1. Over the chain, what is the relative contact order in percent, taking alpha-carbon pairs closer than 8 angstrom and at least six residues apart?
2. List, largest first, the extents of the alpha carbons of the range 22-142 along their principal axes, each in whole Å.
3. For a Förster distance of 51 Å, can you work out the FRET efficiency between the beta-carbons of residue 258 and residue 38, rounded to the nearest 0.05?
4. Go ahead and set up a Gaussian network model of the chain, Cα springs under 10 Å, then flag whichever of 33, 255, 151 fluctuates most.
5. Please list the non-local residues whose amide H lies under 5 Å from the amide H of residue 261, H modeled 1.01 Å from N, same-chain partners needing a gap of 5 or more.
6. How large is the Kirkwood hydrodynamic radius of the range 7-69, in angstrom, based on all distinct alpha carbon pairs?
7. Direction-averaged shadow area of the convex hull around the Cα atoms of the chain, nm²?
8. Tell me, in nm to one decimal, what length is gained between residue 117 and residue 236 on full extension, where the rule is 0.36 nm per residue of separation less the Cα-Cα distance?
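Values in this text are rule-based calculations from the coordinates and carry no lab data. Fair warning: this is a prediction, and the values are worked out from it, not measured in the lab. Because the Cβ atoms are built from the backbone with ideal geometry, glycine has one as well, and the counts that use them run over all protein chains shown.
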Amino acid sequence: MRHHSTFRQLEIFEAIARLGSFTRAAEELYLTQPTISMQMKKLADIVGVPLIEQIGKKVHLTDAGRELAQTCREVFAAMDRFTMSVAERQGLKKGRLALMAVSTASYFAPRLLGEFAHRYPGIEVSLKVTNREQLLAGLADNLADLYILGQPPEDVEVEAKPFMCNPLVILAAPDHPLAGQEDIPLARLAKEPWLMRESGSGTRAAVERLFAEEGIELRPRMALGSNEAIKQAILADLGIAVMSTHSLTLNPPGQFAILKARGFPICRQWYAVYPAGRQLSAVARTFLDYLLSQDRALNACPNA
């Protein structure tokens with residue numbers, strides 16, 4: 001196969017596998033759909049087995065297709081590392097950096113990325129913000145250089161570097177009956193209607209763990225898919241929620257009450273994560289060093 005298939009064919013196939021669509025792959029690569037189809041037919045002929053099954057408008061990979069998609073990602077990652085090593089010898093004048101971050105990190109990650117891009121204007125940077133489940137899927141598929149999240153995965157071998165504190169606090173509407181009270185027992189909080197992120201959320205897991213340690217079960221009134229939806233629900237008096245203080249970055253002071261309860265704030269960390277044993281590109285290593293050099297004093301957790 002290596003004597004006949006072209007790098008462009010592999011690039012086209014990887015785009016189809018990643019995007020799940022011939023049309024979107026054609027748009028991304030600035031090719032016509034007939035060209036895409038013709039190149040995929042040639043690639044399948046070279047490999048000797050079907051790689052893609054198209055059912056209606058949906059594209060599905062065969063077992064061989066999934067194996068080839070992973071091989072493509074490894075080949076492209078190796079090419080990126082080569083490109084970056086050349087860029088390193090040129091003094092980081094050019095190169096690429098791809099990040100994936102959980103949604104709460106979107107309140108600070110663009111600022112950090114922007115400052116880094118200002119330092120290294122020749123670096124092409126990209127940031128994909130998603131939920132934890134999709135980020136872990138991206139980690140498994142090697143879709144980015146670094147991944148930013150609040151709780152490293154426990155079932156995958158990774159390097160996890162803490163770089164900033166992530167204090168979790170309880171938010172309520174400003175006129176909530178518990179606002180202004182001190183040392184609120186967790187048992188009292190459990191009687192409130194709770195708003196939470198989806199199952200699998202790192203914040204949700206941390207809250208459920210804290211209450212479980214006290215033998216208290218939390219039953220959420222509502223699960224919502226974004227921080228902004230939760231904030232709107234709080235202001236509509238639908239319940240209380242635990243959120244990162246970073247999610248309040250764009251809100252005026254006093255818009256929410258922060259309830260003072262036992263065990264809060266929960267002081268967690270933000271982590272930069274990458275697969276164990278993976279050699280980071282020069283650009284990714286430089287960005288990681290930049291993250292780790294941030295002023296820790298400015299990011300200290302408030303006293304519980």
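1. Result for the chain is 22 percent.
2. That gives 47, 35, 26 Å along the principal axes, largest extent first.
3. Rounded to the nearest 0.05, the efficiency is 0.30.
4. Looking only at 33, 255, 151, the largest GNM fluctuation is found for 33.
5. 184
6. 11.4 Å
7. Result: 19.2 nm².
8. That pair, residue 117 and residue 236, stretches by 38.9 nm at full extension.
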